[in-house]
1. When you scan region 176-239 for helices (runs of 4 or more DSSP H) that lie fully inside it, which ones turn up with 2 or more residues that are touching a residue at least 12 places away in the same chain (Cβ under 8 Å), in contact with a strand residue (DSSP E or B) (Cβ under 6 Å, 6 or more places away or on another chain) and crowded, with 21+ Cβ neighbours inside 10 Å?
2. Tell me yes or no: at least one residue of region 143-163 is buried (at least 16 other Cβ atoms within 10 Å of the Cβ), in a strand (DSSP E or B) and within 17 Å of the chain's Cα centre (by Cα).
3. Against the condition assigned by TED's automatic domain parsing to the domain that holds residue 262, under 25 Å from residue 18 (Cα atoms) and in a strand (DSSP E or B), how does residue 131 come out, does it pass?
4. So if I check each of 195, 231, 222, 178, which one is in the same structural domain as residue 110 (by TED's automatic domain parsing), modelled with pLDDT under 90 and over 26 Å from residue 275 (Cα atoms)?
5. Within the bounds of region 167-174, is there any residue that is within 15 Å of residue 140 (Cβ to Cβ), assigned by TED's automatic domain parsing to the domain that holds residue 120 and surrounded by 17 or more Cβ atoms within 10 Å (Cβ to Cβ)?
């Protein structure tokens, strides 16, 4: 099996395993999980631990309903303090990016006119993912496990209705492998396409270290608009680059997950996956 096929196989196995753990909770034994994946318990344990960073049992613990509240208690990040301490660049995902840049307000107002966006479907730990990008970097990631492929495609294409869209998995694949944590020859640059207020919010999200969380009100304060909590929530929800601009790390003050554009099961799985990798 070649490296690319091997990576695709591992993504598929981990996706199915995470979906099964999310659906069944902590009740499934290692033997049951391995059997569902068509593997021996020892092989599955090795593969899962190597890919996620912790054992399947430990990962099951991260998917409990109280995990979000525990994150707020133990890994709450005040964005100003994170900046001052230099934390915003230490997370594993942040290390993948050599650069990110934002579209100018004038370019955004043209709704993608004159812009060529490449797209492709890729396996991810959280189900099928639609990835879009320009020559400057990834501009969109959507997850279809809860919403479906057609709705996900329409959602992302509808954000830049005047752009030219071309299917091109080959161009995007190296960035995607880097984005999902596999070995890759080049990093995953980002190209933020949004209104000025949205980009401010997304910049704040990029400062949240991997494995940590913050609240909508903290983000509002960090961008100098402490009363704009509702508008911040809307901008978080409109983030086009899921996972890499970590909108899943924004929680309610109560510890509730809040909403998630691609479905709360996906948000819960991403938080658990990141927590596991942060402790590995």
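The values are calculated or read from the model by the stated rules, or taken from the named source; none is laboratory data. What you are looking at is a predicted structure, and each value in this text was computed from that prediction instead of being measured. Here Cβ is always computed from backbone atoms with ideal geometry, including for glycine, and neighbour counts include all displayed protein chains.
1. Details: elements: 196-206, 216-222, 229-237.
The helices (runs of 4 or more DSSP H) meeting that bar number zero.
2. Taking region 143-163 as the starting set, the residues that turn out to be buried (at least 16 other Cβ atoms within 10 Å of the Cβ) are 143-147, 152-153, 155-157, 159-160, 163.
Subset that is in a strand (DSSP E or B): 143.
Now drop any that are not within 17 Å of the chain's Cα centre (by Cα), which leaves 143.
Checked region 143-163: at least one residue is buried (at least 16 other Cβ atoms within 10 Å of the Cβ), in a strand (DSSP E or B) and within 17 Å of the chain's Cα centre (by Cα).
3. Working: assigned by TED's automatic domain parsing to the domain that holds residue 262: yes; under 25 Å from residue 18 (Cα atoms): yes; in a strand (DSSP E or B): yes.
When the stated conditions are applied, residue 131 passes them.
4. Only one candidate passes the filter, namely 195.
5. Yes, because at least one residue in region 167-174 is within 15 Å of residue 140 (Cβ to Cβ), assigned by TED's automatic domain parsing to the domain that holds residue 120 and surrounded by 17 or more Cβ atoms within 10 Å (Cβ to Cβ).
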